[in-house]
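Undergrad: My structure is below; once you've seen it, I'll send some questions.
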Amino acid sequence: MNENDEKDLTTNFQKGIALMEAASGSAEQAFGFLSNLVDLGKEITRSKVEIRRIDAMENYLITKLTYQYDIYHKLLAATFAERGKTIEKHFTVIDMGIKTSDRELILGGLHSLASIVKESPFTNFERFSAAFNAGTLPPI
Amino acid sequence: MKSKALLPVLATAFSVLPAMVLGGLSKTIKQSRPLEKKLASIDNKAAKKARKNVEEIELAEAEFARRSRGRSSPEKMLLDFKSRLGEGYGFWNSLESAKEKYNEAVRIARCFVARHKVSIAEAALFNDDYWFIRERALVYVDELKKVSSKLSVRERTLFDAAKEKGLGNINVRIDRDLPSELEAGIARRNAESWSSFAKNSSDSLDRIGDMMSFVGESVQQKRLTGGNTKMESNIFLGTLAFEAGGMVLNAASNIIGSIVENNKAKKELKEAELELVEKIDKVEADRLKAEAFCLRADEINKSLGKTIEAYDKIFRDTRALLFPQRDPSKTHRARRKMERRGQPYFTESEEREIMDLVKAAGFLTSFVDAKL
């Protein structure tokens, strides 16, 4: 607010008081009313700014959570689908071993199966999500 | 993961294993009654628990369907909400429209929570399924212990090494309190702020109403008690104008006050709306965890189930080889006699067969131990 604005405001305020005084017959009441009016203006501006700030935060959060979790769910599904295919292949080997009473085949299948299943896919997933959240994913 | 997708899991738990245990294992069962009893008891418990879990999933799914009926996915609802973020909270908007906007956010949040409940119920099913399959694996490992006591020292050391890998567990902490936390948050808002918003707004309106009726009453009273002469009337009208002018200004000030209060109420509603979005973020993080748990537990459960099947095959073959039905020289009694004469309980080739069983048991324990 510059000097001229302040002058204008003061003049308008004084005019307002005079008008209100004429209407109500009391300078005190007129002053109180205009003060309230000024406070209202300030409050409205404050609220507007605050609501806009919250809007911006909500906007960011909603965008982040919808896209982030969408990517995470897809990544999980793809990871487990891939592992599932490999696991199914080992199941086939084990089934064949059971059917033909081939112990080597059974134990070989179990060994390969264990090597996949024992390894948690979440180590890589955690690494990915950390990079994703930090924005340090390598370019494709 | 929808409940239909859980059918393979249930099939693993309640069709394949019992069929394997009660059908293919019949020979083993005849030789080992305690094993049959133990497995049957586990199956019964598992079936009861699974029925309860499936019921819970169905209930949660019904709630989710009810909450999102006629609407798109929660994500689409949220994105649509996002595109209209500024609406409802403007200066010219009524407090009611701000409340409506907040209520829309509550409805969306409840949809997310309802879907989260489905995931939690599914995770519970996978979790219980894991514990029952694990229990089955332990029954088999226990059976092996009986045989292992008859192994030679060298083989027994190998067996112990495999056994000492220990039987761990998979565990994940899923925040089951989140839905109630969110509901409590909404309820708190409703109980405290909500009623105070309503109270503030109706109080101001009441005050303005009172003020206006007081002005009306004053005018009425003055008229009734007013003077008779023109002069008196003028004095009366002047006084009335002065008093009424003051009253109107007071009333206007009160209207301003109510606008300020409404504005504050809108701001508080907006803050509550942000809290809801933050909660949705938490709910989604937890749902992701639950889904990841289901996928991983499914993988471990299926592998454990297949390993039990393979183990059972080796176990059955080994028993048939060690204790053939019509060979009196290979009964427990005959073997004990040989042992007393200084000969080994099992021959070297028999011990090799048993070691295959030990190896298979090692895989069983490794699945039980597998990290989530």
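The values are calculated or read from the model by the stated rules, or taken from the named source; none is laboratory data. Just so we're clear, the structure is a prediction, and the values are computed from it rather than from any experiment. With ideal geometry, Cβ positions are generated from the backbone for all residues, glycine too; neighbour counts draw on all protein chains shown.
Undergrad: Taking the conditions exactly as written (within 8 Å of another protein chain (Cβ to nearest Cβ), touching a Gly at 6+ places or on another chain (Cβ under 8 Å) and at pLDDT below 85), does residue B:356 satisfy them or not?
TA: Values: within 8 Å of another protein chain (Cβ to nearest Cβ): yes; touching a Gly at 6+ places or on another chain (Cβ under 8 Å): no; at pLDDT below 85: yes.
So residue B:356 does not fit the description; no.
Undergrad: How many residues, within the range A:65-107, are within 24 Å of residue B:271 (Cα to Cα) and surrounded by 13 or more Cβ atoms within 10 Å (Cβ to Cβ)? Lay out the reasoning, then the answer.
TA: Within the range A:65-107, the subset within 24 Å of residue B:271 (Cα to Cα) is A:65-69.
Add one more test, that the residue is surrounded by 13 or more Cβ atoms within 10 Å (Cβ to Cβ), and what stays is A:65-66, A:68-69.
Number satisfying all stated conditions: 4.
Undergrad: Here is a list of conditions, (1) out of contact with any helix residue (DSSP H, G or I) (no Cβ under 7 Å at 6 or more places or on another chain); (2) at the interface with chain B (Cβ under 7 Å from one of its Cβ atoms); (3) within 30 Å of residue B:356 (Cβ to Cβ), and residue A:89 meets all of them except one; can you say which number that is?
TA: (2)
Undergrad: Further question: Give the residues of the range A:61-74 that are more than 10 Å from every other protein chain (Cβ to nearest Cβ) and free of Cβ contacts under 8 Å to residues at least 60 places away in the same chain, sorted by residue number.
TA: Kept after step one, since they are more than 10 Å from every other protein chain (Cβ to nearest Cβ), are these residues of the range A:61-74: A:71, A:74.
Scanning the range A:61-74 gives a single hit, A:74.
Undergrad: Looking at the range A:99-117, which of its residues are without any contact (Cβ under 8 Å) to a residue 12 or more places away in the chain and over 44 Å from the mean Cα position of the chain (by Cα)? Let's see the steps before the verdict.
TA: Step one: of the range A:99-117, the residues without any contact (Cβ under 8 Å) to a residue 12 or more places away in the chain are A:99-104, A:107, A:111, A:114-115.
A:99, A:100, A:101, A:102, A:103, A:104, A:107, listed by residue number.
Here's the yes/no breakdown for (1) part of a helix (DSSP H, G or I); (2) modelled with pLDDT of 90 or more; (3) under 41 Å from the mean Cα position of the chain (by Cα):
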{"position": "A:29", "(1), (2), (3)": "yes, no, no"}
{"position": "A:39", "(1), (2), (3)": "yes, no, yes"}
{"position": "A:55", "(1), (2), (3)": "yes, yes, yes"}
{"position": "A:58", "(1), (2), (3)": "yes, yes, yes"}
{"position": "A:97", "(1), (2), (3)": "yes, yes, no"}
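Undergrad: Going by the conditions given, is residue B:310 at negative phi, assigned to a helix (DSSP H, G or I), touching a residue at least 24 places away in the same chain (Cβ under 8 Å) and more than 8 Å from every other protein chain (Cβ to nearest Cβ)? Give the steps one after another, and end with the answer.
TA: On the way: at negative phi: yes; assigned to a helix (DSSP H, G or I): yes; touching a residue at least 24 places away in the same chain (Cβ under 8 Å): yes; more than 8 Å from every other protein chain (Cβ to nearest Cβ): no.
Considered against the rule, which asks whether it is at negative phi, assigned to a helix (DSSP H, G or I), touching a residue at least 24 places away in the same chain (Cβ under 8 Å) and more than 8 Å from every other protein chain (Cβ to nearest Cβ), residue B:310 comes out as no.
Undergrad: Right, here's the next one. Taking residue B:315 as the residue in question, decide whether it is of a type in the set (Phe, Trp, Tyr) and under 35 Å from the mean Cα position of the chain (by Cα). Let's see the steps before the verdict.
TA: Working: of a type in the set (Phe, Trp, Tyr): yes; under 35 Å from the mean Cα position of the chain (by Cα): no.
When the stated conditions are applied, residue B:315 does not pass them.
Undergrad: A follow-up question, please. Out of B:289, B:267, I need the residue that is facing chain A (nearest Cβ under 9 Å) and either in a helix (DSSP H, G or I) or in contact with a Lys or Arg (Cβ under 8 Å, 6 or more places away or on another chain) (or both). Which one?
TA: Residue meeting the stated conditions: B:267.
Undergrad: Still on this model: Consider the range B:34-80. How many of its residues are within 14 Å of another protein chain (Cβ to nearest Cβ), assigned to a helix (DSSP H, G or I) and either hydroxyl-bearing (Ser, Thr, Tyr) or touching a Pro at 6+ places or on another chain (Cβ under 9 Å) (or both)?
TA: Initial filter on the range B:34-80 (within 14 Å of another protein chain (Cβ to nearest Cβ)): B:72-80.
Still in the list and also assigned to a helix (DSSP H, G or I): B:74-80.
Then drop every residue that is not either hydroxyl-bearing (Ser, Thr, Tyr) or touching a Pro at 6+ places or on another chain (Cβ under 9 Å) (or both), which leaves none.
Number satisfying all stated conditions: 0.
Undergrad: Same structure, new question: What number goes with the only condition from (1) out of contact with any Ser or Thr (no Cβ under 8 Å at 6 or more places or on another chain); (2) at pLDDT below 90; (3) surrounded by 13 or more Cβ atoms within 10 Å (Cβ to Cβ) that residue B:95 does not pass?
TA: Residue B:95 satisfies all of (1) out of contact with any Ser or Thr (no Cβ under 8 Å at 6 or more places or on another chain); (2) at pLDDT below 90; (3) surrounded by 13 or more Cβ atoms within 10 Å (Cβ to Cβ) except (1).
Undergrad: In the range A:30-60, which residue that is touching a residue at least 12 places away in the same chain (Cβ under 8 Å) and touching a helix residue (DSSP H, G or I) at 6+ places or on another chain (Cβ under 6 Å) is nearest to the other protein chains (Cβ to nearest Cβ)?
TA: A:33
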